[in-house]
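Here is the structure we will look at, set down as structure tokens.
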Amino acid sequence: MSLQTNHRPVLVVDFGAQYAQLIARRVREAGIYSEVIPHTATAADVRAKNASALILSGGPSSVYAEGAPSLDAEILELGLPVFGICYGFQAMTHALGGTVANTGSREYGRTDINVAGGVLHEGLETCHKVWMSHGDAVSEAPAGFEVTASSQGAPVAAFENKDRKMAGVQYHPEVLHSPHGQQVLTRFLTEIAGLKQDWTAANIAEELIEKVREQIGETGRAICGLSGGVDSAVAGALVQRAIGDRLTCVFVDHGLLRAGEREQVEKDFVAATGAKLVTVDERQAFLTKLAGVTDPEAKRKAIGAEFIRSFERAVTGVLEDAPEGSTVDFLVQGTLYPDVVESGGGSGTANIKSHHNVGGLPDDVEFKLVEPLRDLFKDEVRAVGRELGLPEEIVGRQPFPGPGLGIRIIGEVTEERLEILRHADLIARTELTAAGLDGIIWQCPVVLLADVRSVGVQGDGRTYGHPIVLRPVSSEDAMTADWTRLPYEVLEKISTRITNEVPNVNRVVLDVTSKPPGTIEWE
Ligand code: XMP
């Protein structure tokens, strides 16, 4: 189920930049609902979405390049407020009769701009840093537009026309390298477009509860697969608010869990929500399905399918105390917007990985899916969770993927390997928490390279064991990430403890790859 909020969206027109999702996030951070649409959208599509404003995103190409993405010019005549960013700024210039100079010279990275006035940059220092990344530059603003900033490589670095509610900047206000970018974006939304900042956690929660009620109806029953993670917990809590005890939460113990995971769900989640919870032991079923499987996508698909089969098996127990003839028609999942995008479900994005609950589902699912968080980013989900009264131990948790340790064993998943990885993971988590580092890490997958062995020496003997990889990352929403610079002393402690305490592991290595090019999980 898509959110289909009553809030009119600010539509971010995606010209193929990796920044479009980020812009939507920033707009939402400003308290205004936003969605991304592909640049192929027509004026009719925009009208159908009942948009409140448009933002034209950056893009990889020059407006003069062959096949450069263009904009349905009619879109600019809908009378909507419009903000152009980078390529979008140039596309807007082009469409409104200004001039884009095909300079060929590039301006890339942190750059000074000089502000000459206007509403967008009001209150900021005349000369300040922004993040630029462009070849061509606007040399002449469209008629009626005031040029409000310039840089060395961009004589027209910003323009605006308050009466037409239109503005644009050559730089990227959405990235953190433009320190005042969020302020500029917010000024466009509030001062030029005149929008209200009413996209708040309380409003979101209330709307979602209402939508879930509509979808499930007065008598429908649902089960919610809890994974121990934040997303499924918040989805479960929302649906519980909507339909009360017609919801049963099902915790599938698939054996790919970390130490203590099951106990935490049984204790914290139930205490916070009062939801009905059943736990089913499906360890053997998952291990059997994973026997001999080494390809990451095959693993993800096998796990996704077995989840559904486990829910189907759980239904009999769920219905035991329900009135005769009751059925369970709905399955609640904590799918998020980034999961959808990375499973290839976003606008024109490649399938990077089949997330277990999106691309990993089998074709013959008989449940109707209820996915109240499908349009939200992680930080919004956390805010909604807090709004619903979930404790910090749940909403503040680091993300953990549904397929669990199954996608952190590189090679076939076996009980013995799971035991090794669980042990190493517990040590890493314990030491990171003890060092007070949880706040700076987005998550720290611990990975077992089960198909790799290396020679070591322990005690007086030769060993031939497996490496464990530590993958600490910092991120805002898992769409991009950087490796976290952990203190050497903490790394040393983790490494020493793992090699001393975990049998068959004789080496610990640190993953120092950002995303992109590496993803966060190894599989
Ligand atoms: P990647 O590895 O794609 O991960 O950079 C991005 C974020 O998503 C989590 N992840 C998943 N979560 N089901 C989930 O619920 C999945 O199949 C799945 N795969 C990856 C990952 O832990 C990270 O936070």
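The values are calculated or read from the model by the stated rules, or taken from the named source; none is laboratory data. Remember, predicted model here, so these are calculated numbers, not experimental data. As a convention, Cβ positions derive from the backbone with ideal geometry for all residues, glycine included, and neighbour counts pool all protein chains shown. Surface areas here come from the heavy atoms of the whole protein model, side chains and all, with no ligands, DNA or RNA. Shrake-Rupley method; radii C 1.70, N 1.55, O 1.52, S 1.80 Å.
Some observations on this one:
- Each peptide among 499-512, 228-241, 422-435, 45-58 gets the average number of other Cβ atoms lying within 10 Å of its residues, and from highest to lowest they stand as 228-241, 45-58, 422-435, 499-512.
- Whole-Hz couplings from phi, Karplus 6.51/-1.76/1.60, listed for the range 403-417; x for Gly and Pro: x, x, 5, x, 9, 10, 10, 8, x, 5, 8, 10, 4, 5, 5
- Per-residue ³J(HN,Hα) for the range 122-139, Karplus 6.51 cos²θ - 1.76 cosθ + 1.60, θ = phi - 60°, Hz, x for Gly and Pro: 4, x, 8, 4, 4, 10, 8, 7, 9, 9, 10, 7, 8, x, 5, 9, 6, 9
- Cβ-based net charge around I37, under 14 Å, with every Lys or Arg adding one and every Asp or Glu removing one: -2
- A simple count of charges around I440, restricted to other residues whose Cβ falls under 12 Å of its Cβ and scoring Lys, Arg +1 and Asp, Glu -1, yields -1.
- With contributions of -39500 (n - 2.57) from each DSSP H run of at least four residues, the per-residue ellipticity at 222 nm computed over the chain stands at -8500 deg cm²/dmol.
- When peptides 396-403, 84-91, 364-371 are sorted by average Cβ neighbour count within 10 Å, with the highest value leading, the order is 84-91, 396-403, 364-371.
- Placed amide H near V370: partners under 5 Å, 5+ positions off or other chain: L331, V332, Q333
- Enclosing the Cα atoms of the range 85-225 in their convex hull gives a volume equal to 166 cubic angstrom per residue.
- Cα-centred dipole magnitude for the range 10-192, charges only on beta-carbon of K, R (+1) and D, E (-1), debye, nearest 20: 360
- Added length on full extension, which subtracts the Cα-Cα distance from 0.36 nm per residue, E66 to C127: 18.4 nm
- Each listed q (0.09, 0.12, 0.16 Å⁻¹) maps to a log10 I(q)/I(0) for the range 1-125 from the Debye sum over equal C-alpha point scatterers, namely -0.28, -0.49, -0.87.
- Counting only DSSP beta bridges with both residues in the range 10-192, the antiparallel share comes to about 55 percent.
- The local environment of V10, defined by Cβ-Cβ distances under 11 Å, has a net charge of +3 under the rule Lys, Arg +1 and Asp, Glu -1.
- Trypsin sites (Lys or Arg not before Pro) lying in DSSP loop within the range 103-155, provided at most 14 other Cβ fall within 10 Å: R106
- Annotation for R313 and E266: the two label points, set 7 Å from Cα along the Cα-Cβ direction, are 1.8 nm apart.
- Exposure of L78 as accessible area (Å², to 10), given a probe of 1.4 Å and all protein chains: 50
- Centre-to-centre, using Cα atoms only, the range 468-495 and the range 193-213 are separated by 35 Å.
- Centre-to-centre separation between the Cα atoms of the range 73-142 and those of the range 378-404: 38 Å.
- Between D363 and T513, the contour length at 0.36 nm per residue exceeds the alpha carbon distance by 50.5 nm.
- Shape of the range 408-510, Cα gyration tensor, a/c cut at 1.5: prolate
- Over 30 Å between alpha carbons, listed pairs K49/K162; K289/K368; K211/K378; K165/K353; K129/K165; K301/K368: K165/K353
- Rounded to whole numbers, the Karplus 3J(HN,Hα) couplings from phi for the range 74-82 are 4, 4, 6, 9, 7, x, 7, x, 9 Hz, using 6.51 cos²θ - 1.76 cosθ + 1.60 with θ = phi - 60°, and x at Gly and Pro.
- FRET efficiency for E392 and D451, using Cβ-Cβ distance with R0 set to 30 Å, rounded to 0.05: 0.20
- Amide H to amide H distances under 5 Å link Q443 with V473, where only residues 5 or more positions off or on other chains count and H is placed in the peptide plane.
- Folded to 0 to 90 degrees: helix 20-29 orientation relative to the chain principal axis, Cα: 90
- Rel. contact order, % - alpha carbon contacts under 8 angstrom, at least six apart, the chain: 11
- Of all DSSP bridge pairs formed entirely within the chain, close to 45 percent run antiparallel.
- Taking amide H atoms as placed 1.01 Å from N in the peptide plane, the amide H of V508 lies under 5 Å from those of I468, each 5 or more residues away in sequence or on another chain.
- The range 408-510: antiparallel DSSP beta bridges as a percent of all, rounded to 5: 65
- For the pair E146 and D482, a Förster radius of 30 Å applied to the C-beta separation gives a FRET efficiency near 0.20, rounded to the nearest 0.05.
- Restricting the GluC sites (Glu not before Pro) of the range 156-257 to loop positions (DSSP other than H, G, I, E, B) with no more than 12 neighbouring Cβ atoms within 10 Å leaves E218.
- Normalised contact order of the range 201-395, rounded percent, pairs of Cα under 8 Å and 6 or more residues apart: 29
- Dividing the mean sequence gap of close Cα pairs (under 8 Å, 6+ apart) by how many residues the range 443-523 holds gives a relative contact order of 34 percent.
- The range 10-192 - percent of accessible surface contributed by carbon and sulfur, probe 1.4 Å: 46
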